[in-house]
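Reviewing the structure listed below.
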Amino acid sequence: MIGAPLGSRATLLQFSSAFCTPCRATRTLLENIVSSMNDVAHVEIDAESELELVRYLNILSTPTTLILDSKGHEVGRAVGAPKRQQVINALSVIRE
């Protein structure tokens, strides 16, 4: 579905668009968070080139980050640029 492997515990699936400044800040934040977590993946999707997936998942704006468990089920969602602690808290409740 997303064209990349899922993390063994969680995946941060970020929907972005080319001229979105908050998307760049979100990418940097999420890459920084997952750099110290070998069981969490960050996957960024260009919303404009994946319109069918955007509609299916009801993505209404960018950035939107879905928090997926190890099976790819959505367990959380951040609309707009998330805060570091918000992401850490969401990941802390997901077990392998």
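No value in this document is a laboratory result; all are computed from the given coordinates. Predicted model, so just to flag it, every value in this text is computed and none were measured. Cβ placement follows ideal geometry from the backbone for every residue including glycine, while neighbour counts extend to all protein chains displayed.
Here are the numbers:
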quantity	calculated
Residue order, fewest to most beta carbons within 10 Å, for Ile88, Ile45	Ile88, Ile45
Nearest 10 degrees, 0 to 90: helix 21-34 Cα axis against the chain principal axis	20
Magnitude of the charge dipole, the chain, Cβ model with Lys/Arg +1 and Asp/Glu -1, debye to 20	340
Dipole of the chain [Lys/Arg +1, Asp/Glu -1 at C-beta], most positive-end residue of Gly3, Leu30, Val87	Val87
Sparse-neighbourhood loop sites, trypsin sites (Lys or Arg not before Pro) in the stretch 58-96 - DSSP loop, at most 15 other Cβ within 10 angstrom	Lys71, Lys83, Arg95
Nitroxide proxy distance, nm - points 7 Å out along Cα→Cβ at Arg55 and Asn89	3.5
Table column - 3J(HN,Hα) (Hz), the stretch 53-58, Karplus curve with 6.51, -1.76, 1.60, x for Gly and Pro	5, 4, 5, 4, 8, 6
Of (1) 12.2, 35; (2) 13.8, 40; (3) 20.2, 63, the label for Rg and Dmax of the Cα atoms in Å derived from the coordinates	(1)
Full-extension gain in nm, Thr21 to Val75, via 0.36 nm per residue minus C-alpha separation	16.9 nm
Most positive-pole-ward Cα, Ala78, Ala18, Leu51, against dipole of the chain from beta carbon charges	Ala78
Built amide H within the under 5 Å cut-off of Gly76, gap 5+	Ile67
